[in-house]
Amino acid sequence: MVKKGAGESVSSRLIIICLTGMPGAGKSTVASSLKEKGFLVITMGDVIREEAIRLKFDLNDTNLGKLMVQLREEFGPGAVAELVVKKIHSALTPSHKADKAILIVDGIRSIAEVVVLKRVGQVRLLAIHASSHIRFVHLKERGRTDAPLSQSDFMERERRELDVGISEVIALADEVVSNNRLTIDQLKVNAFEIVMKWIDSLKLKT
């Protein structure tokens with residue numbers, strides 16, 4: 001299922017932009033907008049959903065949350081990122097590997113995951129922040145099968161995210177975008193400008 005250390009090096013020319021933030025902060029909106037602009041996007045939540053499908057689990061918030069914790073307990077705090085590294089190897093074409101490739105990873109939850117991704121590329125970490133009230137509304141509105149059914153479900157999900165170390169990774173982000181008062185378009189523009197600034201800076205280093 002998860003093999004630690006698999007694929008130690010893709011290329012020092014790979015730029016990995018990582019998105020982090022509490023559930024409902026706006027990470028998926030940013031990731032989708034970057035995908036529309038042509039960036040290759042890997043979503044960590046989708047990696048967990050694929051594993052849940054393989055294990056024939058129902059795709060609800062409880063099962064996905066338990067699987068996320070189980071993977072980390074069994075294979076270490078960087079377990080989900082190890083699965084992402086495998087997807088990176090399969091997703092990058094020969095032309096990607098020959099040139100400066102840029103990849104977006106949505107859903108970083110711990111410093112251990114950042115460490116895993118730093119084995120295969122140059123990493124920058126962007127945190128999206130929003131209040132708990134706004135995030136709860138966002139999660140209900142997007143209507144996915146793993147959306148919280150109630151405030152108590154939401155708080156349980158919050159505790160689970162905090163337990164795996166997401167507060168530390170948010171605190172250590174290279175930049176933070178506050179999404180409390182932004183429109184969707186403003187969020188997309190702000191995030192895109194930061195990402196392009198990082199890409200330009202990292203390209204100059206090689």
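The values are calculated or read from the model by the stated rules, or taken from the named source; none is laboratory data. No experiment lies behind these values; they were computed from the predicted model shown. In this analysis, Cβ positions are derived from the backbone assuming ideal geometry, glycine residues included, and neighbour counts consider all displayed protein chains. The accessibility values were calculated without ligands, DNA or RNA, using every heavy atom of the protein model including side chains. Shrake-Rupley method; radii C 1.70, N 1.55, O 1.52, S 1.80 Å.
The table for this structure:
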item: Test: residue in region 98-113 that is out of contact with any Phe, Trp or Tyr (no Cβ under 8 Å at 6 or more places or on another chain) and without any contact (Cβ under 8 Å) to a residue 40 or more places away in the chain; result: yes
item: For Thr145: the one exception among (1) outside any helix (DSSP H, G or I); (2) at pLDDT 95 or above; result: (2)
item: Complete set of residues in region 157-206 that are open to solvent by 50 Å² or more (accessible area, probe 1.4 Å), in a helix (DSSP H, G or I), touching a residue at least 12 places away in the same chain (Cβ under 8 Å) and among the β-branched types (Val, Ile, Thr); result: Ile184
item: Residue, surrounded by the fewest Cβ atoms within 10 Å (Cβ to Cβ), within region 101-134, restricted to residues that are out of contact with any helix residue (DSSP H, G or I) (no Cβ under 8 Å at 6 or more places or on another chain) and within 13 Å of Gly21 (Cβ to Cβ); result: Ser131
item: Within region 41-79, tally of residues that are within 20 Å of Arg144 (Cα to Cα) and aromatic (Phe, Trp, Tyr); result: 1
item: Pick from region 27-70, criterion polar (S, T, N, Q) and out of contact with any helix residue (DSSP H, G or I) (no Cβ under 7 Å at 6 or more places or on another chain), ranking: surrounded by the most Cβ atoms within 10 Å (Cβ to Cβ); result: Ser28
item: Positions within region 137-148 being open to solvent by 40 Å² or more (accessible area, probe 1.4 Å) and either touching a residue at least 12 places away in the same chain (Cβ under 8 Å) or among the acidic types (Asp, Glu) (or both), in sequence order; result: Val137, His138, Glu141, Arg142, Thr145
item: Test: residue in region 13-21 that is in contact with a strand residue (DSSP E or B) (Cβ under 7 Å, 6 or more places away or on another chain) and part of a loop (DSSP other than H, G, I, E, B); result: yes
item: Cβ-Cβ under 7 Å pairs, at least 6 apart or on other chains, region 22-49 side within 11 Å of Leu187 (Cα to Cα), far side open to solvent by 50 Å² or more (accessible area, probe 1.4 Å) and outside any helix (DSSP H, G or I); result: Ala25/His129
item: Glu73 open to solvent by 60 Å² or more (accessible area, probe 1.4 Å), charged (D, E, K, R) and more than 18 Å from Gly24 (Cα to Cα); result: yes
item: Matching residues, region 105-120, being under 13 Å from Ala173 (Cα atoms), modelled with pLDDT of 95 or more and not in a helix (DSSP H, G or I); result: Ile108
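A quick yes/no check of all residues on (1) more than 17 Å from the chain's Cα centre (by Cα); (2) more than 28 Å from Leu14 (Cα to Cα):
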position	(1), (2)
Glu113	no, no
His133	yes, yes
Lys140	yes, yes
Gln151	yes, yes
Arg160	no, yes
Ser167	no, no
Ala171	no, no
